[in-house]
Structures are given as structure tokens and as C-alpha cells.
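Peer 1: What follows is a single structure, and I will ask about it in a moment.
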Amino acid sequence: MNDLDPAAAERAFRLIVTGGGTGGHTYPALTAVRTLWARLAARGQPLDVLWVGAAGSLESRVAASEGIAFSAVATGKIRRAKNPVKMLTPENVRDMTNVPRGVLQARELVSDFRPDVVLATGGYVAVPVGVAAWLCGRPLVVHEQTVRLGLANRVLARAAARVAVSSDSTVPLLPESARSSAVVTGNPVRPEVRTGVAEKAVHALGFHGHDPALPTVYVTGGAQGAVQINETVGAILPWLLGHANVVHQCGEANVAALRERAASLPADIAGRYHVTGFVGGELPHVLALADVVISRSGAGTIAELTALGKASVLIPLASSAGNEQAHNARHLQETGAAVALVDEVTPDTLRAAVTPLLTDPARREAMADRARAHGRPDAAERLVDLLLSVTGEANGPVG
Ligand SMILES: CC(=O)N[C@H]1[C@@H](OP(=O)(O)OP(=O)(O)OC[C@H]2O[C@@H](n3ccc(=O)[nH]c3=O)[C@H](O)[C@@H]2O)O[C@H](CO)[C@@H](O)[C@@H]1O
């Protein structure tokens, strides 16, 4: 057990965490909470956590399943348009009024809870909570998962005591006033992601036709699935199954159509194809089984693929904020750590990108090693160091 001032051991460390909307913002927050809990437990100090998020959201479900106290605040997504007048849609006007309402609700929560620190991991809901932290003079740590700052974090970076970023290349892109408070921590990956066992995936998925003599391709479009990836993979599926087993995560909304399509595959290869809407608790095992991953390039997925060292073909979501998924994919491609299919995504370009990775194991392993060189397995620990280091610092107008 580490040394700790006895007075501090009696008192719980108080954390408000906010962020969500997607897995990319939610899971790093969860990983930071778990890592902080373990760090404090090792020195005999309890942790009190309140997660502030949107009602009915992914983060509310994750907090409930982890036994973390949760409070909802109003939040609004501002839909951007090139012409500012076009932003005055009824949805935007309603959502704009939600933001000040959310700030008032969050200010009450922060002032009642009196956190030692507030951690914001992005998403629209983080804005009112981060602003409330600043208004109440509580230290705010912002964590950014992507190379380019998301909109919520661009707003909050100016109010933060520290801005934790996932890549060195983010620092020059920060607002000038936030650069001196930037710390490169990396993007925390859920610890269980590194504990997968390939054989367990075959069992957990009921993937009875899996051929252990062939490599396995994991196709994933993020939590919702990606129609573009589903269609492009679908067009080369009979060819792909001639060379590999395929686990295809396609999004719950698409699973029925893809299963119907799979029913017409020739019998000798059909067993090598496993399609599923969402990969839940078995994700670590599926990643362990995968030799090649075909995926979107959201920051969470990239952090996992680099932490594990996986060869991948990345097909970025073209409409991601600031085109950051394309930036993520190109960033890895520059060092041979992935193949980025950015401009021309067709069955032919996908087949050309995947072929050498399936037919040449040495090439695949070299790419996996270069991907691993980008990984930051200690990201959660570094973020926790930062949370503990700002405790007691004054921040904001009343600090
Ligand atoms: C559409 C959108 O706004 N995307 C953004 C969102 O990504 P989004 O959250 O969609 O995607 P990420 O790659 O960041 O994270 C997805 C997470 O969900 C997990 N997963 C996925 C599928 C599945 O079946 N099971 C499962 O557990 C992945 O392993 C990963 O941990 O936030 C990221 C982080 O700010 C951004 O980089 C993305 O551009």
C-alpha cells in the first residue's frame, strides 16, 4: 500500500465524470474511473463518482451496469451548416436553449457534489458540465481521443486546468491559450480488451464453421455498423471467404438483411462467415482471434488496434467531425501501421488492400508490429496521474 496522509484516507476522493453519446467518448471515461478507483483503493482511499450525462444515452446504460451514480442534464447537439443562417432550424433553436438549461442543472450538481476534479471526455453533454465546473471553481481536466479536437472539447479547452490529448500531433492544433496546459496521455483502452483469448471467440460466437487453418478477418463499422463497409465487404464476400474466416459486426439494424444475403453463399464457404449486429462482452476474444481488421477509424477503435498490434484496412467515416477519421487513418498509414482507404472505396480497392495481408503472413505481422508502436498501453494510468495532480488547484472565476 502506498503512503497516504491519514486525513486523506478517511475522506473519499470525489470525481465528476462527463462525456458520452458514442462509445468513443464513453469507454475512455469508464476506463479512467476504473483505473482511478484501483489506484485509490491501493492506498486505502475510497472514490465517490458521479457520472453526468444525457438521459437515455449509452453513458447512462454504462454507468448503470457499472454501479456508478448517474445524473442527467439537458444537452443540445448543434448541427453545423456552411451558411450560419441555415443553422437556425427548429431543432437547432430548441437545442440551443437546452445548453443554458443544462449548464444551470450541471452547476447545481457540481456545487452540491463538490468534486475534487471534473473529467470531461467529449460529446455534446460534456459542454454544460465543463462550463459548470469552471463556474464553480473546480479543476477541470478535458480528455481528447482524436488527433483533431472535437467541438465540445474546443469549447472546454479554454476553461480546463489541463487538456489531456491522445497524440503529440494534437498539441499544435489546440487553442493557443490551452497549449501550455496540454499533456499527452494517449487514449485509454478498456483493460479487458487486452485479455482476449482467440479460442474463446470461436466458442462465445458459436462460430462452428471457423477453419483454424485460415486467417480470420474482423469487419467492424462501429457500434451502429457502417452500411458502406457492409456493402463493400458484401461485394467481395465469396472471394474473401475463399481465403479467410470472417466475423462481420454490421449494426443491429442491418443484421437481418446480411443474414439473408449470407443464406445464398455456396455451402463450402458459408460456415466461415459469422455475422452479428453488435459485439458485446466477447469483443476482447474477437480481437484476439482477428488477424486482419477492416474497420472505421474512430479514435476508440484505433486505440484498441494499436494497443493490441493488429494489421488493418481502415475505411474512415467521411462525415466525421473535421474529417478526423480520415486523418486518423492516414496518420497510421504514413508509418505502414495500417492501409487507409480514403478516397476510393470500391470492392476492387478493398480486395487489393486485403490480399497481401491475407496471403503474406510476414507482411501482416510487420504491419501489426508497426501498429503496436503507436499504442499507448499506459494511457489510463497517465490520465489518472493528471486527475490526481490537479486536485486542490483553483480554476475558474470563483477558484
Ligand atoms: C460517428 C462518430 O461520431 N464517430 C466518432 C466517435 O466514434 P465511435 O464511438 O463511433 O467509434 P470509436 O472507434 O471511437 O469507438 C467505438 C467503440 O465501440 C466498440 N465496439 C464497436 C462495435 C461493437 O460491436 N462493439 C464494441 O464494443 C469499439 O471496440 C470501440 O471501443 O467518437 C470517436 C472518439 O471521439 C471519434 O473518433 C469518431 O469519429
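Peer 1: What share of the DSSP beta bridges in the chain is antiparallel, in percent to the nearest 5?
Peer 2: Details: 0 of 43 bridges.
Of those bridges, close to 0 percent are antiparallel.
Peer 1: Taking amide H positions as placed in the peptide plane 1.01 Å from N, state which residues far from V184 in sequence (5 or more) or on other chains have amide H under 5 Å from it.
Peer 2: V165
Peer 1: Using θ = phi - 60° and the Karplus form 6.51 cos²θ - 1.76 cosθ + 1.60, what ³J(HN,Hα) does each residue of region 22-34 get, whole Hz, x for Gly and Pro?
Peer 2: 10, x, x, 9, 7, 5, x, 5, 4, 5, 5, 4, 4
Peer 1: OK, next. Name the residues whose placed amide hydrogens come within less than 5 Å of the amide hydrogen of I294, ignoring near sequence neighbours (fewer than 5 apart) on the same chain.
Peer 2: When sequence neighbours closer than 5 places are left aside, the close amide H contacts are Y218, V219, T220, V313.
Peer 1: With θ set to phi - 60° and the Karplus curve 6.51 cos²θ - 1.76 cosθ + 1.60, what are the ³J(HN,Hα) couplings of region 62-75 in order, to the nearest whole Hz, using x for Gly and Pro?
Peer 2: Along region 62-75, the couplings run 5, 4, 4, 5, 9, x, 9, 4, 9, 10, 9, 10, 5, 8 Hz.
Peer 1: log10 I(q)/I(0), Debye, Cα-only the chain, no solvent, q = 0.09, 0.13 Å⁻¹?
Peer 2: Calculated log10 I(q)/I(0) at the listed q: -0.56, -1.09.
Peer 1: Mind listing the long-range amide H neighbours of G277? Cut-off is under 5 Å, sequence gap 5 or more, other chains count too, H placed in the peptide plane at 1.01 Å from N.
Peer 2: C250
Peer 1: Gain in length, T97 to H203, computed as 0.36 nm per residue apart minus the alpha-carbon separation, to one decimal in nm?
Peer 2: Here the segment from T97 to H203 would lengthen by 33.2 nm.
Peer 1: Let me ask you something else. Roughly speaking, what is the stretch gain from D369 to D211, that is 0.36 nm per residue apart minus the C-alpha to C-alpha distance, in nm to one decimal?
Peer 2: Contour length minus Cα-Cα distance gives 54.4 nm.
Peer 1: Ratio of alpha-carbon Rg to the 2.2 N^0.38 Å globular estimate for region 191-373, to two decimals, please.
Peer 2: Taking N as the residue count of region 191-373, the ratio is 0.94.
Peer 1: In straight Cα distance, which lysines are under 22 Å from K86, not counting same-chain residues fewer than 8 positions off?
Peer 2: Within the straight-line cut-off, K86 pairs with K77.
Peer 1: Let me ask something additional. Please turn the phi angles of region 290-296 into ³J(HN,Hα) values with the Karplus equation 6.51 cos²θ - 1.76 cosθ + 1.60 (θ = phi - 60°), one per residue in order, whole Hz, x for glycine and proline.
Peer 2: 6, 8, 9, 10, 10, 7, 5
Peer 1: Work out how much length V227 to T391 would gain on full extension: take 0.36 nm times their residue separation and subtract the Cα-Cα distance, in nm to one decimal.
Peer 2: 54.6 nm
Peer 1: On a straight-distance basis, which aspartates and glutamates could pair with K200 in a cross-link, Cα separation under 13 angstrom, same-chain partners fewer than 8 positions away excluded?
Peer 2: E282
Peer 1: Then there's this: What does the helix-only formula give at 222 nm for the chain: each DSSP H stretch with n ≥ 4 adding -39500 (n - 2.57), the total divided by the residues, and the result rounded to the nearest 500 deg cm²/dmol? It would help to have the intermediate numbers written out before the result.
Peer 2: Numbers: 17 runs with 179 residues, N = 399.
Calculated at 222 nm, the ellipticity per residue is -13500 deg cm²/dmol.
Coordinate-derived values only; no laboratory data. Since this is a predicted model, take the numbers as computed values, not measurements.
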